[in-house]
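None of the figures in this text is laboratory data; all of them are computed from the coordinates on show. Computed from a predicted model, the values in this text were never measured in an experiment. Neighbour counts run over all protein chains shown; Cβ positions are idealised from the backbone, glycine included.
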């Protein structure tokens, strides 16, 4: 059973791991450059010409490729097991993988040839090679196909199981993919209607403000597309790994529905400082962003309560004694729990970013890079690593190469991220250090920046070591001769309360209606106005 | 649906906390007159720096004007990879309204130790005002990637 699904998961996750490896290599190099150790000239022979080419690879491979491929692979594995049925049309999901892989190649070639050094936000009028945009489009279209494959599987399951509650893991995964379908419309419109005709030379000019607005229609739900698979694991799997039960299953479902409804109509909080967007709409998106914080606060409560049940079942007592009783020796558990702790800090800095006037102090400074590495770099990536500590042995049928190395990896990632992110946050807040900048060569850097620059560089080096430990385990496991002695099954957390959750938490139409309505209200007028007064005046620039 | 008591308290507390934060943001925004850029006017970046078309076409040394004692306006053109003018001198206590646009790619402006933080886009004009009471040198830093010389793009505001 699940032969197709396992191979599909394996391919997707394999590509994701290669992307994270190549993209991750640049991380420590950037932090060393900050403190004046410039290793980029040594990379010239390998075709990496500039800091910014490396930075583009870091962003595209880690933020877009590693995440999208891992998520599709993880969901392929998890949805079918949660529904206990195979993919309805495996060929559709294979086609999805092929389209995504072709897109990756199409985008990777210009990236490696230094013809698309536009960072992962590719703001026009910086103009990359057409194949870069085409490649990104194909990756997105491929992920849509994968989503359709999941939805067909779900509708077939629903037909056979009328009235049965959708299992939580499947529901959370499907909501994530549907949210992704809606979110990616923004970037699809940006690329297909604005960027591609301009990049191909069919039109000479573009409207940068309109392109940015379409990008951030996609850009904020993008971060929830990364985060929700980690939530699927935290709610649906981790309580089982901790020996506990899911404290409140209905609330877990509500959280996923709230993310569907609220992820998109908040994108303007990335554009508070944009000149072409009216203030009233910025305020509305700011308020909705605060509402979007509620499901994450609920998650903090429910997940911690579920883990507490586990800790107490394992013999922990007292107010906090249960924390020590949690399975800290299990690297899959430890990595994900450490990821949650870092996410708490990331949540605080994220709320700062979203707070209309506080944002002025930190917008586009390294504070944001610090936030991003606590969220995407830790909550998401360290959780995915934790998932891989059981999923990789399962998919390869090999024992994990080393539990000890895996534990060291999780803790070094935790320590490295704390140091690096702390440094970046402070540099941004106190000194206005700009993000995504070759700081080691900038003349405005003051001597008082040095302590925090050094701290973040030390963090970067520790993260590099953690990366080496991670890939030692990945390669060691894949090429190990020790096959599994006992079969591994996907951990599925039981609900504490056996009463089934109410029907309104397992029905799509009202939630989709609310989602569409909120998007129309929050984005309709502002986009209509920008399109009606389109300002097609910017020719393309290739300046790297 | 069984809604646990502790969970209900946590949820109400969370929402109350967010409401308090939102009020704090809103009230302080009004009290301190916090402003963010908003639509000013659209321009054509291909011609905006041409003399006679806009104040960004004036000679560089005439783009900072004293409107009244202690009140200035500064038209700063962002381009790869400089702010023009890249050095501004005003006496302490001056209030400056900054007008920025780009004649090529996207740029950004953050002035150290101030709330001046804006995206600078071709085709749009960004406007913000600040008062500088403390003498010193404030860097004008470009915070949006604008090509291979991005890190060399900065200017100075000298408050005397």
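Length gain on complete extension for the stretch residue A:181 to residue A:203, per 0.36 nm per residue less the alpha carbon to alpha carbon distance?
Result for the pair: 5.1 nm of gain on full extension.
If each residue of separation counts as 0.36 nm, what is the full-extension length gain between residue A:480 and residue A:193 once their alpha-carbon separation is subtracted? Let's see the in-between values first.
Values: separation 287, 0.36 × 287 = 103.32 nm, distance 4.89 nm.
Net length gain for the segment: 98.4 nm.
Measuring from label point to label point, each 7 Å out along Cα→Cβ, what is the residue A:109 to residue A:344 span in nm?
4.9 nm
Using only Cα atoms and rounding to the nearest 10 degrees, what angle (0 to 90) does helix B:5-31 make with the longest principal axis of chain B?
Once rounded, one gets 30 degrees.
Hey, got the average number of other protein chain Cβ atoms within 10 angstrom for residues in A:263-273?
If you average over the peptide's residues, the count of other-chain Cβ atoms is 2.
What is the fewest-to-most order of A:58, B:107, A:4, B:151 by other Cβ atoms lying within 10 Å of their Cβ?
If I rank by nearby Cβ atoms, fewest first, I get A:4, A:58, B:151, B:107.
By how many nm would the segment from residue A:529 to residue A:405 grow when fully extended, if each residue of separation counts as 0.36 nm and the alpha-carbon distance is taken off?
39.1 nm
Just for the protein assembly as shown, what percent of DSSP beta bridges are antiparallel, to the closest 5?
In the protein assembly as shown, approximately 65 percent of DSSP beta bridges are antiparallel ones.
Can you give the FRET efficiency for residue B:17 and residue B:41, using 1/(1 + (r/R0)^6), R0 = 35 Å, r = Cβ-Cβ distance, to the nearest 0.05?
On the way: r = 40 Å, r/R0 = 1.14.
Given R0 = 35 Å and the Cβ-Cβ separation, E is 0.30.
Take residue A:323 and residue A:102, extend 7 Å from each Cα along the Cα→Cβ direction, and tell me the distance between the two endpoints in nm.
In this crude label model, residue A:323 to residue A:102 measures out at 5.2 nm.
Shape call for chain A from the C-alpha gyration tensor, a ≥ b ≥ c root eigenvalues: rounded (a/c under 1.5), prolate (a/b greater than b/c) or oblate?
The shape class here is rounded.
Set the Förster distance to 56 Å, then compute FRET efficiency between residue A:450 and residue B:31 from the Cβ-Cβ distance, nearest 0.05.
Once rounded, the FRET efficiency stands at 0.95.
Assuming R0 = 35 Å, what is the FRET efficiency of residue A:160 and residue A:95, from their Cβ-Cβ distance, to the nearest 0.05?
FRET efficiency, residue A:160 to residue A:95: 0.90.
Under a point spin-label approximation (7 Å from Cα along Cα-to-Cβ), what is the residue B:160-residue B:95 distance to one decimal in nm?
About 2.3 nm, to one decimal.
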